1. Extending each Cα 7 Å along its Cβ direction at Gln15 and Trp186, get the distance between those two points in nm, one decimal.
2. Within the chain, how many Lys pairs sit with Cα atoms under 22 Å apart, leaving out pairs fewer than 8 places apart on the same chain?
3. Among 181-192, 160-171, how do they line up from the highest to the lowest mean number of other beta-carbon atoms within 10 Å?
4. Given R₀ = 25 Å, what would the calculated FRET efficiency be for Asn2 paired with Glu113, taking r from the Cβ atoms and rounding to 0.05?
5. Given that just one value was derived from the coordinates, which of [x] 17.7; [y] 18.5; [z] 19.3 is Kirkwood radius over Cα pairs in Å?
6. If you count the DSSP beta bridges with both ends in the chain, what percent of them are antiparallel, to the nearest 5?
7. Cβ neighbours within 10 Å, averaged per peptide: list 64-70, 194-200 in order, most packed at the top.
Amino acid sequence: MNLVLRRFPGLSDYQATWEAMQQFTQQRTAQTPDELWVLQHPPIYTLGQAGKPEHLLQATEIPVLRVDRGGQITYHGPGQLIVYVLVDLRRRGLTVKGLVFQLEQALLNLLAELGINAHRKAGAPGVYVEEAKVAALGLRIQRGCSTHGLALNVDLDLAPFAHINPCGYAHLAVTRLCDLGVALPWEHLENLLITQVQAQLNPLAHPQPAHPETQPAKLLMPTP
């Protein structure tokens, strides 16, 4: 099963990216290859479709956008490695819980490769080092296909998390790879994470999947 990889250099506007994900999902057919979008966003708070506004503890200059993923409020910004996972769950034999598990496993495998002991938390999707969250997950399933994905804190400014209850949890500690002793070139870290996500999404019958096709990425703007 092909996985098309799209890398977006620089910072990708969140709303334009979100609208492009929606459009891709609405227009895809049973033959449309699944895609992974790898990018970073400018500073923004996003609130899940059932998210509670009171989890924004203090208004700041950072914009707040309600979106259609699950979960509560989170922060995105430069220095956070994001992989949006646009896959047909039925075609890959996945449930929503199965996809969440596999994305968490990809992160756990990456962190283990980097010498970091990380873990899941029951009822709180994401990946944690001790009690601090290092990666968040949020998904939307439409027509049996996923949008949104995972966000790994690499070297982003953590200060904006102080103005929210991250993922709806008061006093939740947040950490980043640079504080855990990781100092790898960004592209190398991207490649390691992509490899782990790809391995988890490909069927176990294909333990050595071909490298994903790479397509040039343009500015994420929906067509009229």
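No value in this document is a laboratory result; all are computed from the given coordinates. Owing to the predicted nature of the structure, the values given are computational and were not obtained by experimental measurement. All Cβ positions, even for glycine, are placed from backbone atoms using ideal geometry, and neighbour counts span all protein chains on display.
1. 2.4
2. Lysine pair count for the chain: 5.
3. Ranked by mean Cβ neighbours within 10 Å, highest first: 160-171, 181-192.
4. Details: r = 25 Å, r/R0 = 0.99.
Result of the calculation: an efficiency of 0.50.
5. Correct label, based on the coordinates given: [x].
6. Counting DSSP beta bridges with both partners in the chain, the antiparallel share is about 65 percent.
7. In descending order of packing, they fall as 194-200, 64-70.
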